[in-house]
Amino acid sequence: MTIQELAELLHGEIIGDPQTDIRGIEKIEYAEAGHIAFIANQKYLRYETQTLASALLISTSHTPQRTDIAYIRTEDPYDSFV
């Protein structure tokens, strides 16, 4: 699935490459290329710059810290992840 397809399902806003391919989901600290993870709690912000995930689900109030991965902004990243 692409970020574009996921964003449409989640009614989210894309930041980054909409053609980023996602083949799995994982916790942010264990994610690898091809995975999507999420940040819904402030204590996981430290992983944003370290994760190998290809994409992250973030809240509408969060400012992305990277330009090399894709983001999907939603009202509730945890709910979107579930």
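The values are calculated or read from the model by the stated rules, or taken from the named source; none is laboratory data. Since this is a predicted model, take the numbers as computed values, not measurements. Cβ atoms come from the backbone with ideal geometry, glycine included; neighbour counts cover every protein chain shown. Just so you know, the surface numbers come from the protein's heavy atoms only, side chains and all, with ligands and any DNA or RNA stripped out. Shrake-Rupley method; radii C 1.70, N 1.55, O 1.52, S 1.80 Å.
Within the stretch 61-82, take every residue that is in contact with a strand residue (DSSP E or B) (Cβ under 8 Å, 6 or more places away or on another chain) and part of a loop (DSSP other than H, G, I, E, B) and give me the one that is surrounded by the fewest Cβ atoms within 10 Å (Cβ to Cβ).
Glu75
Among the residues of the stretch 41-52, which ones are β-branched (Val, Ile, Thr) and open to solvent by less than 40 Å² (accessible area, probe 1.4 Å)?
Result: Thr51, single match.
For the stretch 8-40, give me the residue count where each residue is open to solvent by less than 100 Å² (accessible area, probe 1.4 Å), over 12 Å from Ala70 (Cβ atoms), part of a loop (DSSP other than H, G, I, E, B) and in contact (Cβ under 8 Å) with a residue 24 or more places away in the chain.
Adding up the residues that qualify gives 4.
Residue-wise test of (1) within 9 Å of the chain's Cα centre (by Cα); (2) more than 13 Å from Gly12 (Cα to Cα); (3) aliphatic (A, V, I, L, M).
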residue: Ala40; (1), (2), (3): no, yes, yes
residue: Lys43; (1), (2), (3): no, yes, no
residue: Tyr47; (1), (2), (3): no, yes, no
residue: Leu52; (1), (2), (3): no, yes, yes
residue: Leu56; (1), (2), (3): yes, no, yes
residue: Pro64; (1), (2), (3): no, yes, no
residue: Ile69; (1), (2), (3): yes, yes, yes
residue: Glu75; (1), (2), (3): no, no, no
residue: Ser80; (1), (2), (3): no, no, no
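Regarding Arg46, is this residue assigned to a helix (DSSP H, G or I) and out of contact with any Ser or Thr (no Cβ under 6 Å at 6 or more places or on another chain)?
yes
Please work out if Ile58 is among the hydrophobic types (A, V, I, L, M, F, W, C), assigned to a loop (DSSP other than H, G, I, E, B) and open to solvent by less than 60 Å² (accessible area, probe 1.4 Å).
Taking the combined requirement at face value, the residue does not satisfy it.
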